[in-house]
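One structure below.
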Amino acid sequence: MKPLVLQSIEDVTGHRCVDIIRLADGRFTFRECRRDPEDSHGWRYLSGAQTAIFDTAEAARAAALAEIGWMQTERDRGMEWTPSLTHTKQDLKLLRS
């Protein structure tokens with residue numbers, strides 16, 4: 001089984017996101033991505049290195065929240081991410097209101 005992105009969590013600008021990924025062995029990790037509006041390439045991982053590996057998607061999501069500054073800032077502003085959904089920028093605006 002190939003790695004599978006279970007959830008992509010975007011920031012409110014739509015320029016950063018975190019992917020929660022199920023690995024081939026059934027464990028989980030996360031990767032931070034960015035995209036530049038003027039670049040048609042799309043999303044790019046910020047680092048080639050994989051982060052720590054976790055037993056559950058929830059643990060990977062919690063670690064991403066603890067490590068990635070923009071996620072902490074948006075959480076402190078009242079942002080919430082539903083674990084089972086992939087969010088777009090519009091979804092996050094609706095969750096905030």
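Just so it is clear, none of the values below were taken in a lab; they were calculated from the coordinates. Small disclaimer: the values here were computed from a predicted structure and weren't measured. A quick note on method: Cβ atoms are made from the backbone with ideal geometry, for glycine too, and the neighbour counts reach across all protein chains shown.
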Where labels lie 7 Å past Cα in the beta-carbon direction, separation of Ala59 and Ser40 in nm: 4.3 nm
Within a Cβ distance under 10 Å of Ala64, other residues only, what is the Lys/Arg minus Asp/Glu net charge? -1
What net charge is computed for the residues neighbouring Gly42, neighbours being all others with C-beta under 10 Å from the C-beta of Gly42, Lys and Arg scored +1, Asp and Glu -1? 0
When ranked by the protection proxy of mean other Cβ atoms within 10 Å per residue, highest first, what sequence do the peptides 16-29, 64-77, 34-47 form? 16-29, 64-77, 34-47
